[in-house]
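Asker: Let me give you the structure first, and then I'll get to my questions.
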Amino acid sequence: MNTVQDIKSMQRLSREWHAKGKSIAFVPTMGYLHAGHLSLVEVAKEKADIVVVSIFVNPLQFSPIEDLNCYPQDFIRDKTLCSDAGVTTIFHPSNDEMYSADYSTQIVENQLSKPLCGKSRPTHFPGVTTVVCKLFLAVLPDIAVFGRKDAQQALVIKRMVRDLNFPIEVIVTPTVREIDGLAMSSRNKYLDAEERKNALSIHRGLGVAEEAYDRGERSSDALRRLVKNEIEETGGTVDYIEFVDEGSLATVDRIEKPVLVAVAAKFGDTRLIDNCTLG
Ligand code: AMP
C-alpha cells in the first residue's frame with residue numbers, strides 16, 4: 001500500500017490503472033478510522049480491482065464554531081488499518097494541496113441539502129459536495145462507497161453525481177454499530193463514560209419507535225415523541241427527529257411507505273447523528 005499526497009500524482013496513478021483496464025473504488029473519509037469505515041472498504045474490494053481511501057479533514061464542511069481543530073486524527077493507526085484491510089492507496093492531501101489561498105469555487109446542491117443537518121449546519125453540505133467533487137476529480141474512481149449512517153450526505157452526493165454527470169456509481173452501505181447499538185463514529189471519542197451511556201438513547205429511541213410502528217402506530221408526531229422522550233430522559237439535547245421520504249427528504253406525517261427516521265442530538269458538546277428506516 002502506498003500513500004499519495006498530491007493531486008497530480010493521484011490522477012496519474014488512476015489513469016495508469018484505468019489504462020491497464022483496472023476498476024477503481026473510492027472510499028472518502030476524514031480518518032480516525034473505525035469498523036464502519038472498514039466495512040466500506042470491504043464493499044469497495046468486492047466491487048473493484050483497486051481501492052483508494054482518502055483521509056482528509058475538510059475544513060470547508062466545519063463552521064467556525066465546530067470541532068475542526070480537535071477532530072480526532074491518528075494517521076499512523078489509519079495507515080495500519082488500511083494496509084491490513086487490503087487498501088491499494090491512501091490519498092492524504094494537505095489543506096494547501098486541496099485549497100489554494102485564493103480558492104473561490106463551490107459546488108452547492110440546493111434541495112436535499114436544506115432540511116435535517118442542513119438547517120442546523122447551513123455551510124456543511126456545500127463543504128461536503130465541494131470536497132467530494134474535488135476528491136472525485138483527483139481519484140477518478142468508477143465506484144464510490146458511502147455509509148448509510150450519513151443518509152442525507154449519501155443522498156446529496158448521489159444527486160450531485162447525477163446532476164453533474166460524474167461517471168461514478170455511488171454505493172451506500174449499512175451502518176456499523178458498537179455491540180450495544182451505538183452507531184460507530186469518529187466523534188464517539190469525545191464522549192466521556194456518562195455521555196457514552198446516554199448517547200445510546202438515540203439507538204434505544206429509534207428501537208422504541210420501531211416497536212410502536214410494528215404495533216401499528218403510523219403517526220410521525222406520536223413516534224417522534226417516543227424517540228424524544230428516550231433522548232431527553234438521559235439529558236441529551238435533540239437537534240432534530242425527522243420523519244422524511246427516503247428519496248426526497250420531504251416531511252412525512254403519516255407513514256404509508258418506507259420513511260427515513262433521522263436523528264441528531266447532543267450529549268455534552270458532542271453532536272451525534274443516527275437513523276433507521278420504518279416501513
Ligand atoms: P467520516 O470519516 O465520518 O466522514 O465518514 C466517512 C464515510 O464513512 C462516510 O461515507 C460515512 O457515512 C461512513 N461511515 C461513518 N460511520 C459509519 C458507520 N458507523 N457505519 C458505516 N459507515 C460509516
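Asker: Which of the residues that make up region 227-242 are of a type in the set (A, V, I, L, M) and surrounded by fewer than 22 Cβ atoms within 10 Å (Cβ to Cβ)? Even if it seems obvious, please write down each step before you answer.
Answerer: Within region 227-242, the subset of a type in the set (A, V, I, L, M) is 227, 231, 238, 241.
Within region 227-242, just Val238 meets the criteria.
Asker: Working carefully through the options Leu223, Leu182, find the one that is within 15 Å of the ligand (Cβ to nearest atom), touching a helix residue (DSSP H, G or I) at 6+ places or on another chain (Cβ under 7 Å) and not aromatic (Phe, Trp, Tyr).
Answerer: Working: Leu223 fails: within 15 Å of the ligand (Cβ to nearest atom).
Selected residue: Leu182, the only one of Leu223, Leu182 that is within 15 Å of the ligand (Cβ to nearest atom), touching a helix residue (DSSP H, G or I) at 6+ places or on another chain (Cβ under 7 Å) and not aromatic (Phe, Trp, Tyr).
Asker: While we're on this one: Of all residues in region 1-45, count the ones that are β-branched (Val, Ile, Thr), in contact with a strand residue (DSSP E or B) (Cβ under 8 Å, 6 or more places away or on another chain), in a helix (DSSP H, G or I) and farther than 22 Å from Lys189 by Cβ. Quick ask: steps written out before the conclusion?
Answerer: First, the residues of region 1-45 that are β-branched (Val, Ile, Thr): 3-4, 7, 24, 27, 29, 41, 43.
Filter once more, so that each one left must be in contact with a strand residue (DSSP E or B) (Cβ under 8 Å, 6 or more places away or on another chain): 3-4, 24, 27, 29, 41, 43.
Among the residues that remain, those that are also in a helix (DSSP H, G or I) are: 41, 43.
Subset that is farther than 22 Å from Lys189 by Cβ: 43.
Qualifying residue count for the region: 1.
Asker: Output the number of residues of region 130-171 satisfying the condition of being part of a strand (DSSP E or B) and surrounded by fewer than 21 Cβ atoms within 10 Å (Cβ to Cβ). Quick ask: steps written out before the conclusion?
Answerer: Let us first name the residues in region 130-171 that are part of a strand (DSSP E or B), namely 143-147, 169-171.
With the extra rule that they be surrounded by fewer than 21 Cβ atoms within 10 Å (Cβ to Cβ), the set shrinks to 143, 169-171.
Matching residues across region 130-171 total 4.
Asker: Any residue at all in region 7-19 that's under 24 Å from Gln153 (Cα atoms) and without any contact (Cβ under 8 Å) to a residue 24 or more places away in the chain? If you could, list the steps in order and put the result at the bottom.
Answerer: Within region 7-19, the subset under 24 Å from Gln153 (Cα atoms) is 7.
Narrowing further to those that are without any contact (Cβ under 8 Å) to a residue 24 or more places away in the chain: none.
No.
Asker: Sticking with this structure for a sec: Just one of (1) within 22 Å of Ala85 (Cβ to Cβ); (2) away from the ligand (no atom under 14 Å from the Cβ) trips up Ala35, so point out which.
Answerer: Tallying (1) within 22 Å of Ala85 (Cβ to Cβ); (2) away from the ligand (no atom under 14 Å from the Cβ), Ala35 fails exactly one: (2).
Asker: Could you tell me whether region 109-125 includes any residue that is in contact with a Ser or Thr (Cβ under 6 Å, 6 or more places away or on another chain) and part of a loop (DSSP other than H, G, I, E, B)? Walk me through it before giving the result.
Answerer: Within region 109-125, the first condition is being in contact with a Ser or Thr (Cβ under 6 Å, 6 or more places away or on another chain), and the residues that meet it are 109, 123, 125.
Next, from what is left, pick out any that are part of a loop (DSSP other than H, G, I, E, B): 109, 123.
Yes, the conditions are met somewhere in region 109-125.
Asker: Answer yes if at least one residue in region 62-74 is modelled with pLDDT of 95 or more and more than 16 Å from the ligand (Cβ to nearest atom), and no otherwise.
Answerer: no
Asker: Okay, moving on. Of all residues in region 1-29, count the ones that are within 11 Å of the ligand (Cβ to nearest atom) and either open to solvent by 30 Å² or more (accessible area, probe 1.4 Å) or closer than 16 Å to Glu169 by Cβ (or both). Steps first, answer last, please.
Answerer: Applying the first criterion (within 11 Å of the ligand (Cβ to nearest atom)) to region 1-29 yields 26-29.
Pick out the ones that are also either open to solvent by 30 Å² or more (accessible area, probe 1.4 Å) or closer than 16 Å to Glu169 by Cβ (or both) and you get 26-28.
Residues flagged as within 11 Å of the ligand (Cβ to nearest atom) and either open to solvent by 30 Å² or more (accessible area, probe 1.4 Å) or closer than 16 Å to Glu169 by Cβ (or both) within region 1-29 amount to 3.
Asker: Now for a separate question. Here are some conditions: (1) in contact (Cβ under 8 Å) with a residue 40 or more places away in the chain; (2) within 22 Å of Gly118 (Cα to Cα); (3) away from the ligand (no atom under 16 Å from the Cβ); (4) surrounded by 15 or more Cβ atoms within 10 Å (Cβ to Cβ). Asp269 meets all but one. Which one does it not meet?
Answerer: (4)
Asker: Then there is this: Under the condition of being among the aliphatic types (A, V, I, L, M) and not in a loop (DSSP other than H, G, I, E, B), which residue from region 179-194 is nearest to Cys70 (Cα to Cα)? First the steps, then the outcome.
Answerer: Residues of region 179-194 that are among the aliphatic types (A, V, I, L, M), as a first pass: 179, 182-184, 191, 193.
The next check asks that each one be not in a loop (DSSP other than H, G, I, E, B); those that pass are 183, 193.
Numbers: Ala183: 20, Ala193: 19 Å.
It comes out as Ala193.
Asker: Sticking with this one: Among the residues of region 185-209, which ones are free of Cβ contacts under 8 Å to residues at least 12 places away in the same chain and closer than 24 Å to Leu226 by Cβ?
Answerer: Let us first name the residues in region 185-209 that are free of Cβ contacts under 8 Å to residues at least 12 places away in the same chain, namely 193-194.
Within region 185-209, just Glu194 meets the criteria.
Asker: Pick out the one residue from Val53, Val87, Val41 that is within 16 Å of the ligand (Cβ to nearest atom), touching a Phe, Trp or Tyr at 6+ places or on another chain (Cβ under 9 Å) and among the aliphatic types (A, V, I, L, M). Lay out the reasoning, then the answer.
Answerer: Details: Val87 fails: touching a Phe, Trp or Tyr at 6+ places or on another chain (Cβ under 9 Å); Val41 fails: touching a Phe, Trp or Tyr at 6+ places or on another chain (Cβ under 9 Å).
After applying the criteria, what remains is Val53.
Asker: A further question on this structure: Return yes when Val244 is aliphatic (A, V, I, L, M), away from the ligand (no atom under 16 Å from the Cβ) and over 17 Å from the mean Cα position of the chain (by Cα) and no when it is not.
Answerer: On the way: aliphatic (A, V, I, L, M): yes; away from the ligand (no atom under 16 Å from the Cβ): yes; over 17 Å from the mean Cα position of the chain (by Cα): yes.
So Val244 passes the test.
Asker: Any residue at all in region 46-55 that is on the phi < 0 side of the Ramachandran plot, open to solvent by 30 Å² or more (accessible area, probe 1.4 Å) and touching a strand residue (DSSP E or B) at 6+ places or on another chain (Cβ under 7 Å)?
Answerer: Yes: region 46-55 contains one or more residues that are on the phi < 0 side of the Ramachandran plot, open to solvent by 30 Å² or more (accessible area, probe 1.4 Å) and touching a strand residue (DSSP E or B) at 6+ places or on another chain (Cβ under 7 Å).
The values are calculated or read from the model by the stated rules, or taken from the named source; none is laboratory data. Since this is a predicted model, take the numbers as computed values, not measurements. Using ideal geometry, Cβ is built from the backbone for each residue, glycine included, and neighbour counts are taken over all protein chains shown. Only protein heavy atoms, including side chains, enter the accessible area calculation; ligands, DNA and RNA are left aside. Shrake-Rupley method; radii C 1.70, N 1.55, O 1.52, S 1.80 Å.
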